[in-house]
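The values are calculated or read from the model by the stated rules, or taken from the named source; none is laboratory data. Treat the numbers as computed from the prediction; the structure is a model and nothing was measured. Methodologically, a virtual Cβ is constructed for each residue, glycine included, from the backbone with ideal geometry; neighbour enumeration extends over all protein chains shown.
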Amino acid sequence: MMNNYYVLNGPNLNRLGKREPGIYGNETLETLEMRLNDLAQKHGMTLTFKQSNHEGDLIDWIHEAENSKGIIINPGAFTHYSYAIRDAIASVDVPVVEVHMSNVHKRESFRHQSVISPVSEGQIVGFGMKSYELALMSFL
Ligand code: DHK
């Protein structure tokens with residue numbers, strides 16, 4: 001696949017729609033994937049979607065994405081402390097954009113730190129599902 005990008009979602013993002021709707025909204029992960037597919041199609045991009053609640057799965061998919069054009073990742077709470085995910089990103093030569101639905105800087109102080117940002121092209125936070133669409137657009 002020539003113009004393929006990975007969209008990786010970490011722990012608890014399978015709960016979108018049910019999980020803390022005041023923070024994460026009412027829409028599901030399936031809706032997010034449909035929205036992103038629509039946008040990708042308009043720009044001749046294809047997407048590979050993955051979600052896991054397990055750190056090792058995310059690491060394996062980062063390695064697997066090494067031949068893709070880019071990775072959009074929301075590592076969930078792993079963002080704040082997973083050196084293993086950070087090192088997996090550093091181990092592949094693929095641009096990575098970190099996204100968060102909520103504005104992590106407005107929330108608890110443990111969410112203010114990202115160990116992922118130093119190995120990412122950029123970080124988009126606070127725009128709900130639009131954070132992912134903006135991340136996809138950053139690859140144009
Ligand atoms: C998602 C999570 O699961 C949290 O652990 C992060 C992020 C924030 C989000 O806003 O998408 O702290």
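A few points about this structure:
- Contact map, the range 12-27: residues that are basic (Lys, Arg) paired with residues that are modelled with pLDDT of 95 or more and near the ligand (Cβ under 9 Å from one of its atoms), Cβ distance under 7 Å, separation 6+ or inter-chain. Pairs shown: 19/12.
- Taking the conditions (1) more than 15 Å from the ligand (Cβ to nearest atom); (2) touching an Asp or Glu at 6+ places or on another chain (Cβ under 7 Å) in turn, residue 82 satisfies each one other than (1).
- Residue 82 of a type in the set (Ser, Thr, Tyr), surrounded by 14 or more Cβ atoms within 10 Å (Cβ to Cβ) and over 23 Å from residue 127 (Cα atoms): yes
- Only residues that are among the β-branched types (Val, Ile, Thr) and surrounded by fewer than 17 Cβ atoms within 10 Å (Cβ to Cβ) were counted across the range 1-27, and they come to 1.
- Exclusive hit being more than 16 Å from the ligand (Cβ to nearest atom) and within 18 Å of residue 136 (Cα to Cα), set 102, 68, 91: 68
- Hey, residue 140 among the aliphatic types (A, V, I, L, M), outside any loop (DSSP other than H, G, I, E, B), more than 10 Å from the ligand (Cβ to nearest atom) and more than 17 Å from residue 27 (Cα to Cα) or not: no
- Residue in the range 44-63 that is closer than 26 Å to residue 20 by Cβ, within 16 Å of the ligand (Cβ to nearest atom), in contact (Cβ under 8 Å) with a residue 60 or more places away in the chain and not aromatic (Phe, Trp, Tyr) present: no
- Scanning the range 95-117 for residues being surrounded by fewer than 18 Cβ atoms within 10 Å (Cβ to Cβ), closer than 27 Å to residue 3 by Cβ and touching a helix residue (DSSP H, G or I) at 6+ places or on another chain (Cβ under 9 Å) gives a total of 1.
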